Amino acid sequence: MGSKKTCYIVILILILCIVGVYFYGTIKLNSFKKAQELAFSNKIAQMNANFEASQKAKTDSLMKSVAVPLSYFVKNAIESNNNQIINECFNELVRQKGFKDINLVRDGKITVGTNKKFEGENFDKIYPEDFAKYKEITIKQLQPGLSYLIVPIMSTNSQLGFVVVTFGE
């Protein structure tokens, strides 16, 4: 009788050990899965952030590349007093994906723009005042998904004005 009882106790202990190992393994496996899912989510978020930064850098570079010939074109049109050709150029650019609005500012007023209701208005009603201070091609992002390309139009001795290109998603 004593050996049967010992045998049952040993079997019960073995069953408890097997059940304990099973639950311990399940808990460890779930913990590992959660850690891997978190690491995977963090990696995806990091990759998305890197991709967005790369896309923004490429867009900014492309916009600055467009700004140089645009500044020469606008300078030549201003010197020949041909606002109509500036207007046609701006309207053609705005038809392209990503361009929202383009305005030429001279003497503190918008003289040519794709949004006619702004023509003749003081530029600082629409844009920050510091846009007039830039002496180099500059890109400013004042709100997510919307950026401003500020292109100073320079003559030999002075600044003739500047162009503000609004672009974004």
* Every pair of residues 6+ apart whose Cβ atoms lie under 6 Å, when the first sits in the stretch 86-110 and is modelled with pLDDT under 90 and assigned to a strand (DSSP E or B) while the second is among the acidic types (Asp, Glu) and surrounded by 15 or more Cβ atoms within 10 Å (Cβ to Cβ) -> none
* To do: Answer yes or no as to whether residue 157 is loosely packed, with under 15 Cβ neighbours inside 10 Å and part of a loop (DSSP other than H, G, I, E, B).
  => yes
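Quick check on residue 63: is it open to solvent by 10 Å² or more (accessible area, probe 1.4 Å) and closer than 22 Å to residue 52 by Cβ? Lay out the reasoning, then the answer.
Numbers: open to solvent by 10 Å² or more (accessible area, probe 1.4 Å): yes; closer than 22 Å to residue 52 by Cβ: yes.
Answer is yes for this residue.
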* Asked: Which one of these is under 18 Å from residue 145 (Cβ atoms) and either surrounded by fewer than 12 Cβ atoms within 10 Å (Cβ to Cβ) or in contact with a Gly (Cβ under 6 Å, 6 or more places away or on another chain) (or both): 48, 81?
  -> 48
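Step by step: first the residues of the stretch 125-150, then only those that are among the β-branched types (Val, Ile, Thr) and not in a loop (DSSP other than H, G, I, E, B), then the one that is nearest to residue 168 (Cα to Cα). Which residue is that?
Going residue by residue through the stretch 125-150, those that are among the β-branched types (Val, Ile, Thr) are 126, 137-139, 150.
Keeping just the survivors that are not in a loop (DSSP other than H, G, I, E, B) gives 138-139, 150.
Working: 138: 15, 139: 12, 150: 14 Å.
Filtering the stretch 125-150 for residues that are among the β-branched types (Val, Ile, Thr) and not in a loop (DSSP other than H, G, I, E, B), the one nearest to residue 168 (Cα to Cα) comes out as 139.
The values are calculated or read from the model by the stated rules, or taken from the named source; none is laboratory data. Computed from a predicted structure; not experimentally measured. Cβ coordinates were reconstructed from backbone atoms using ideal geometry, including for glycine residues, and neighbour counts include every protein chain displayed. Just so you know, the surface numbers come from the protein's heavy atoms only, side chains and all, with ligands and any DNA or RNA stripped out. Shrake-Rupley method; radii C 1.70, N 1.55, O 1.52, S 1.80 Å.
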